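The values are calculated or read from the model by the stated rules, or taken from the named source; none is laboratory data. If you're wondering where the values come from, they're calculated on a predicted model, not measured in any experiment. A quick note on method: Cβ atoms are made from the backbone with ideal geometry, for glycine too, and the neighbour counts reach across all protein chains shown.
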Amino acid sequence: MPLTKTYAKILESQGFKREALEIYKKLLKKYPGDTELKEAIERLKKRKKFKGVNVLRLKEFENINQKNRYEFEKWLSEF
């Protein structure tokens, strides 16, 4: 597993909070003054546990349009 910010960001974006957090913490030990790492750690500590995507709910938004875009963005913000 590579120990880079980029890899941690990829893991984070894919919902692998624990793995990303582990990498950020290891990197912070090497680079204690890195504010970006500190912010990433705090952000992940505050984030709710990722329980996966509700596929049935996601299918409701297959055809995004002006009418349902607000609801879709609201739903996404809950992650």
remark   = Within segment 26-37, the residues that are closer than 18 Å to LEU11 by Cβ and either within 19 Å of the chain's Cα centre (by Cα) or small (Gly, Ala, Ser) (or both) are LYS26, LEU27, LEU28, GLU36, LEU37
remark   = Cβ pairs under 7 Å, 6+ apart or interchain, first in segment 4-18 and in the same structural domain as LYS29 (by TED's automatic domain parsing) and among the aromatic types (Phe, Trp, Tyr), second modelled with pLDDT of 85 or more and assigned to a helix (DSSP H, G or I), ordered by first then second residue, are TYR7/ILE23
Residues (more than 14 Å from the chain's Cα centre (by Cα) and not aliphatic (A, V, I, L, M)) located in segment 1-25 = PRO2, THR4, LYS25
request  = Give the number of residues within segment 1-30 that are surrounded by 11 or more Cβ atoms within 10 Å (Cβ to Cβ) and outside any helix (DSSP H, G or I).
outcome  = 5
task = Could you list, in sequence order, all residues of segment 2-28 that are more than 21 Å from LYS46 (Cβ to Cβ) and either at pLDDT 90 or above or of a type in the set (Lys, Arg) (or both)?
result = THR4, THR6, TYR7
